1. How many nm is it between the label spots at LYS26 and GLU53, if each spot is 7 Å from the Cα in line with the beta carbon?
2. Run down the lysines and flag those whose C-alpha is under 27 Å from the C-alpha of LYS78, throwing out any fewer than 8 positions away in its chain.
3. Send over the per residue convex hull volume for the chain, Cα only, as a whole number of Å³.
4. Can you find, among SER27, PHE58, GLY68, the residue sitting farthest towards the positive end of the charge dipole of the chain, where Lys and Arg contribute +1 and Asp and Glu -1 at Cβ?
5. Can you tell me what percent of all Cα-Cα pairs in the stretch 48-91 are more than 17 Å apart?
6. Figure the gain on full extension for GLU75 and ALA43 (residue separation times 0.36 nm, minus the Cα-Cα span) and round it to one decimal in nm.
7. Straight-line reach from LYS26: which aspartates and glutamates have Cα under 20 Å away, leaving out those fewer than 8 places along the same chain?
8. Can you give the angle from 0 to 90° between the axis of helix 28-45 and the longest principal axis of the chain, with both taken from C-alpha atoms, to the nearest 10?
Amino acid sequence: MVERIHIVVDKAEKERYRRLAAREGKSLSEWLRAAAQEKLAAAQSESRLETVEELLAFFEEIDGREKGREPDWEEHRKVIEQSIAKGAAPA
């Protein structure tokens with residue numbers, strides 16, 4: 001079953017959409033559906049970790065994927081302090 005969705009846009013905005021759709025060889029309706037699908041796909045691809053188990057699985061996956069060693073806090077702090085010192089404006 002096909003349903004219609006009505007959206008309210010001003011005349012200039014509609015014309016900008018129509019022109020872009022035409023450049024892509026699509027009707028305005030096709031172009032708007034594709035834009036909505038892209039937005040939906042992007043939102044669905046953002047995974048959310050909602051349980052402790054999902055969080056632990058995420059960290060396990062990352063640990064298996066990443067190579068090398070995570071610096072300890074003192075190493076991080078030294079790099080941060082060096083960066084701050086280099087970027088500091090003269091007093």
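1. My value for the distance between the label points is 3.9 nm.
2. LYS67, LYS86
3. Spread over its residues, the Cα hull of the chain gives 331 Å³ apiece.
4. Looking along the dipole axis, the top candidate is SER27.
5. Details: 564 of 946 pairs.
Percentage above 17 Å: 60.
6. Taking 0.36 nm per residue and subtracting the Cα distance, the gain is 7.9 nm.
7. GLU3, GLU13, GLU15, GLU38
8. In the chain, helix 28-45 runs at an angle near 30 degrees to the longest axis.
Laboratory data are not the source of any read-out in this text; all were calculated from the coordinates shown. Note that the structure is predicted; figures quoted are calculated from it, not measured. Don't worry about glycine lacking a Cβ; one is built from the backbone with ideal geometry, like all the others, and counts go over all protein chains shown.
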